[in-house]
There are 2 protein chains.
Amino acid sequence: MAVYTEVSDEALTAFLTAYEIGGLLSYKGIAEGVENTNFFLHTTAGSYILTLYEKRVREDDLPFFLNLMAHLARRGLACPQPVRNRDGAALGRLCGRPAVIVSFLDGVSVKHPGVHHCRALGGALARLHAAGSDFGMVRENNLSVGAWRGLFAQAGAQADSVAPGLAERIRGDLAVLEAGWPRGLPGGVIHADLFTDNVFFIGDDLSGLIDFYFACTDAFAYDLAICLNAWCFEADGRFHRDMAGALIAGYEAVRPLAPAEVAALPILCRGAALRFLLTRLVDWLNVPPGALVQPKDPREYDRRLSFHRTARDARDYGRAG
Amino acid sequence: MAVYTEVSDEALTAFLTAYEIGGLLSYKGIAEGVENTNFFLHTTAGSYILTLYEKRVREDDLPFFLNLMAHLARRGLACPQPVRNRDGAALGRLCGRPAVIVSFLDGVSVKHPGVHHCRALGGALARLHAAGSDFGMVRENNLSVGAWRGLFAQAGAQADSVAPGLAERIRGDLAVLEAGWPRGLPGGVIHADLFTDNVFFIGDDLSGLIDFYFACTDAFAYDLAICLNAWCFEADGRFHRDMAGALIAGYEAVRPLAPAEVAALPILCRGAALRFLLTRLVDWLNVPPGALVQPKDPREYDRRLSFHRTARDARDYGRAG
């Protein structure tokens, strides 16, 4: 939650001359976004978000993310749409950083989602998967099963200082997941980070999806498993079966799951939980001095894993039948 | 530059039911404002700023600030206008903090002002003084000459660690200023903190004034002296006589200075510089651990004081005649 790069009125005014979005009326640094610097931008042509990409985003990946957002918006998905400059480029440079202007989306992130939010999320996720089906670019999921042992190597030695027995539990999960990770499931573009912060509602209606900077090419059902983890558990590990059932039903109302996806749901949920446990653990143990962002507690995902380890099939996640 | 208090969608939605500004569309924490937490707020009725007052603002002072903004806006000054709730109250309570919604003002703060910005500022300052002339409330300036010795007592012992000889220089200024501080100058409501951050421009036009949380009742020419310090010097102490002349001329085009104000300008400028030197010195020497805000360098005002100490009359500040 921070503005990492200050942008002066002079620098911004010069930057905007490359765009056809009118004159500058106002801009304010936004105190959200863990990885990048974001400004609310108001011009005579409308409202926008200006994003400056900081160190953790690989510049080589930006064309994938920006083209994807443009593609999804063209397909009617409510997501930020990159604004092209007079030369037709979406990616610019401001204050030494790669920088992009996208359309502003109204909507509010829900802190405590309920059943109807989860149902709406499921539908939006399935529509995202459908809208991305003819997207031409590919980006490997570099935080999937092949990356987890490497993440564990970075953090494993100190894992037990975070929660007793954690290293042993992770070793067990890794063995099961590496041996049994499903291959060949239906796939394509997935969001891969659809936490509550990245889903907007206006009143009861889902109004948009944001933050496509983990999007990649992977199994659709793995995206659903990420959402089940992110939306249907309390921090203390309590599972909301009704919300999970609504999320899956909302998804299947748009895109029914294949039998192989249904069967894989428990292991995909376990893998998704381990992915967030491991990245949070690495961040937790490596807070840089003077950090502006509070790292997220990895133990929440340790608690979720204890549920996933005992789940037998999709019915345990509230799926009917 | 920080959001000190997190506000959930549930808390904000409940808070907004007391207001007649339509349904919530969006809100974003703004990474500016040193003292308070600010959100950009978009509803079906328009755009607003939501402010939560943090510890450093005295709650007893809030009615003065809010009534003043309402009064000035009624008099046609472009400044944030507090929104009253259904009970007619501008001051509410949100997440345990006093909270206010004000109208959103477009405009951009100028990092490097020029002569024409200063001329526009002068005019706006004089219009502010005129618009406040029939405001019924009084708030003593608790950061004027009577407070400076107390501030020096908090920081003086360590002053020389900030700049060699600083304590001795401040002692000299204090003696001169306490002995010669002008009384009985024309006065009324002053802004008292009209730095570049608090003045908005759209293109070349001044579009509004914000942040009235140091406003008080004092000599008008002291407000002008604060602006001369804030706008017409470089950080290294270099003085822009042309900008100062434009600021004064812009002011006098709306409200000509009385001879006593003209005569007092050098000592008022010296006092204004000492006021910001002292508060910055106290903040500089007392950065709390984990502070989210970088304190401002007090030495900039030490350098300005060396100019003010040698100034003989208003002509040294670029005033014609």
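The values are calculated or read from the model by the stated rules, or taken from the named source; none is laboratory data. Values in this document were obtained by computation on a predicted structure and should not be read as measured data. For neighbour counting, all protein chains shown are included, and Cβ atoms are generated from backbone atoms with ideal geometry for every residue, glycine included. Calculation scope for accessible area: heavy atoms of the full protein, side chains included, ligands and nucleic acids excluded. Shrake-Rupley method; radii C 1.70, N 1.55, O 1.52, S 1.80 Å.
Shown are A:53, A:48, whose ranking by accessible area with a 1.4 Å probe and every protein chain present, most to least, is A:48, A:53.
A DSSP coil position with no more than 16 other Cβ atoms inside 10 Å describes the following trypsin sites (Lys or Arg not before Pro) in the stretch A:169-210: A:183. What a 1.4 Å probe finds exposed on the stretch B:9-103 is 47% carbon and sulfur by accessible area, rounded to a whole percent.
The Kirkwood radius of the stretch B:83-161, taken over pairs of alpha-carbon atoms, gives through the Stokes-Einstein law at 10 °C and 1.306 mPa s a diffusion coefficient of 89 µm² s⁻¹.
Only one residue of B:135, A:281, B:89 has its Cα farthest out toward the positive end of the dipole of the protein assembly as shown, where Lys and Arg carry +1 and Asp and Glu -1 on Cβ, and that residue is A:281. Total buried accessible area between B and A, probe 1.4 Å, nearest 100: 2300 Å². How far is helix A:166-180 tilted, in degrees, relative to the longest principal axis of the Cα atoms in chain A, given as a value from 0 to 90 rounded to the nearest 10? Its long axis makes an angle of about 90 degrees. Once the gyration tensor of the Cα atoms in the protein assembly as shown is diagonalised, the equivalent ellipsoid follows with semi-axes of 54, 26, 23 Å, ordered largest first. For the stretch A:9-103, the relative contact order works out to 26 percent when only alpha carbon pairs closer than 8 Å and six or more residues apart are counted.
Using a probe of 1.4 Å, the accessible surface attributed to residue B:59 totals some 90 Å² when neighbouring protein chains are kept in position. For chain B, the longest principal axis of the alpha carbon atoms and the long axis of helix B:259-285 meet at an angle near 70°. Looking at the stretch B:127-264, the pairs of alpha carbons with a distance over 25 Å make up 35% of the total.
Annotation: the antiparallel percentage among DSSP beta bridges lying fully within the protein assembly as shown is about 95.
Directionally averaged projected area (the stretch B:9-103, Cα convex hull): 6.1 nm².
Count Lys and Arg as plus one, Asp and Glu as minus one, and take only other residues whose Cβ is under 12 Å from that of residue B:283; the net charge is then +1.
The residues of the stretch B:65-108 occluded by other protein chains by 20 Å² or more of accessible area, set against the chain on its own, are B:104, B:106, B:107, B:108; surface from heavy atoms, 1.4 Å probe.
Each of B:264, B:16, B:71 was placed along the dipole of chain B (beta-carbon charges, centred on the mean Cα), and the one lying farthest toward the positive end is B:264. By the Stokes-Einstein formula, at 1.002 mPa s and 20 °C, the stretch A:64-124 with its Kirkwood radius over alpha-carbon pairs has D equal to 156 µm²/s. Quick one: which bits of the stretch B:7-31 get at least 10 Å² less accessible when the partner protein chains are in, versus the chain alone, with a 1.4 Å probe? Listed in order, they are B:8, B:9, B:10, B:24, B:25, B:26, B:27, B:28, B:29, B:30, B:31.
What separates the residue A:163 label point from its copies, with the point 7 Å along Cα to Cβ, is 5.4 nm, written shortest first. Taking every protein chain into account, the accessible area of the protein assembly as shown amounts to 41 square angstrom per residue (probe 1.4 Å). For chain B, the spherically averaged projection of the C-alpha convex hull amounts to 16.4 nm².
Give me the net charge of residue A:235's neighbourhood, meaning all other residues with Cβ under 11 Å from the Cβ of residue A:235; Lys, Arg count +1, Asp, Glu -1. Cβ neighbours under 11 Å give a net charge of +1. When A:227, A:95 are compared by accessible area at a 1.4 angstrom probe, the order from most to least is A:95, A:227.
Considering all C-alpha pairs of the stretch B:184-316, those separated by over 18 Å amount to 57%.
For the protein assembly as shown, the number of Lys pairs separated by eight or more positions or lying on different chains, with C-alpha atoms closer than 17 Å, is 5. Ordered by solvent-accessible area of protein heavy atoms (1.4 Å probe), largest first, the residues B:133, B:207 come out as B:133, B:207. Across the stretch A:140-269, the mean sequence separation of Cα contacts (distance under 8 Å, 6 or more residues apart), normalised by length, yields a relative contact order of 24 percent. Every helix of 4 or more DSSP H residues in the protein assembly as shown counts as -39500 (n - 2.57), and over all residues that averages to -13500 deg cm²/dmol at 222 nm. Label zone of residue B:311 (point 7 Å out along Cα→Cβ, amide N under 15 Å): in the stretch B:208-242 this covers B:220-234, B:237-242. Kindly express, to the nearest 10 degrees and within the range 0 to 90, the angle between helix B:62-74's C-alpha long axis and the longest C-alpha principal axis of chain B. Roughly 90 degrees, rounded to the nearest 10. Let me cross-check residue A:200: its accessible surface, 1.4 Å probe, with only protein heavy atoms counted, in Å² to the nearest 10? Number for this one is 10 Å².
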